[in-house]
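A quick write-up on the structure given underneath.
The values are calculated or read from the model by the stated rules, or taken from the named source; none is laboratory data. Here the structure is a predicted model, which means the values were calculated and not measured. For neighbour counting, all protein chains shown are included, and Cβ atoms are generated from backbone atoms with ideal geometry for every residue, glycine included. What goes into the accessible areas is simple: the full protein's heavy atoms, side chains included, and nothing from ligands, DNA or RNA. Shrake-Rupley method; radii C 1.70, N 1.55, O 1.52, S 1.80 Å.
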Amino acid sequence: MRSHGNIVKLNTEVYGGPILYTWFDRPLSIAGRVILKSDPLNPETRLVRFNEPLLTIPHLAIHFNRGVNEGNHLSKQKDMLPVLAKIDELASQENLLLHLVSKQLGVNPKEIMDFDLTLYDTTPACHIGIEKEFVSSGRIDDLMMVCASLDALIESSRKPSEVTRLIAVFDNEETGSGTKQGAASPVLHNLLQRLNLALGGDQETFLRAIDSSFMISADNAHGIHPNYAEKHDPTNHPVLGGGPVIKINANCKYMTDARSASVFMAICEEAGVPYQQFVNHSDVAGGSTLGNILTSQIDLQGVDMGVPQWAMHSCRETAATIDYDYTTRAFTTFYNLPV
């Protein structure tokens, strides 16, 4: 979109539920997948990522909006459009993004059929705090649990086991999980069925295996905020650095019950790590997670938990370094439990 001053900006759509104003004035770039012309039913897919900053979403100066710090409604269509380039008035700005992507991939622009591209903050993750006790990064929710699960599975694979150990990582949780790769799809059920058949099992074997299985639904939790303690439950205050958090909700937003919570407590005790509990302040609506969505497809027993963090859904989030270690140890212990 050409704008005043010969500025080219992108017409974007917001994904999920971000804290919008945290995206202003940051160095942003582009990553995603590109579909190229090839077999009509099986087109070629190429991944693309620009490592250098390419865009920014400039905030309006306070001189033009003196009340910005008293509350500032943001329009996703007007306020959140990123700047891509400044072009000469006589130059063409047509298909700038398409040509940028084609050059990055080394293909002719005519070969590109379509793409799924998103913006990301290029500022590297870092440790903060006097003792480097915190990690500051984008996408801590929920890539921290993905990484901890993977580290634990790799570590536990050094020890043989008679059980099937599995990580299930889904997409589109922030938009309802209703895609073919989301938790509301039958993808996990189908995968487990195929594993059962590959191991020589039948339908009865599969149902018995499901009944004797346990799932840890790992999605980060809210640590008590030092500036907003009143937003939290009066008696349940998970703290950063206090260990993994068991998430509980009386209205079944989480799959945790007393039995599954006890199982995870026992896992943490076996691993020698502390654990905490989280419930929402009764006047403050909380989020949900994948545990209940998955149980609509498979009647697994399990617990919802996560690492406590600040600023969930901000462009930049914060968690405690030690909580990652605690959680990885708990997951490894879980994978190594005897039958």
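Details
- Amide H contacts under 5 Å for F115, placed H, 5+ residues apart: I35
- Over the chain: helical MRE at 222 nm, DSSP H runs n ≥ 4 each giving -39500 (n - 2.57), nearest 500: -7500 deg cm²/dmol
- Whether the chain is rounded, prolate or oblate, judged on the alpha carbon gyration tensor where a/c under 1.5 counts as rounded: oblate
- Over the chain, accessible surface divided per residue gives 58 Å², non-protein components excluded, 1.4 Å probe.
- Additional length obtainable on full extension of the chain from I19 to S212, 0.36 nm per residue less Cα span: 65.5 nm
- Rounded to whole numbers, the Karplus 3J(HN,Hα) couplings from phi for region 150-165 are 5, 4, 5, 5, 5, 5, 6, 5, 6, 10, x, 8, 8, 9, 8, 9 Hz, using 6.51 cos²θ - 1.76 cosθ + 1.60 with θ = phi - 60°, and x at Gly and Pro.
- Members of K132/K180; K180/K253; K78/K132; K159/K247; K9/K253 lying beyond 28 Å, as alpha-carbon distances in this model show: K132/K180; K78/K132; K159/K247; K9/K253
- T56-L153 FRET efficiency (beta carbon distance; Förster radius 41 Å; 0.05 resolution): 0.60
- By a 1.4 Å probe calculation restricted to protein chains, E269 has an accessible surface near 120 Å², given to the nearest 10.
- Modelled this way, with points 7 Å down the Cα-to-C-beta line, the labels at R194 and K86 are 5.2 nm from one another.
- Taking the 1.4 Å solvent-accessible surface of the chain as the whole, the part contributed by carbon and sulfur is 54%.
- Cα gyration tensor shape for region 5-78, rounded if a/c is under 1.5, else prolate or oblate: prolate
- Estimated vicinal HN-Hα couplings, Hz - region 269-281 in sequence order (Karplus 6.51, -1.76, 1.60; Gly, Pro = x): 5, 4, 7, x, 10, x, 9, 9, 10, 10, 10, 6, 4
- Of K180, K9, the order by accessible heavy-atom surface (1.4 Å probe, DNA, RNA and ligands excluded), from most exposed downward, is K180, K9.
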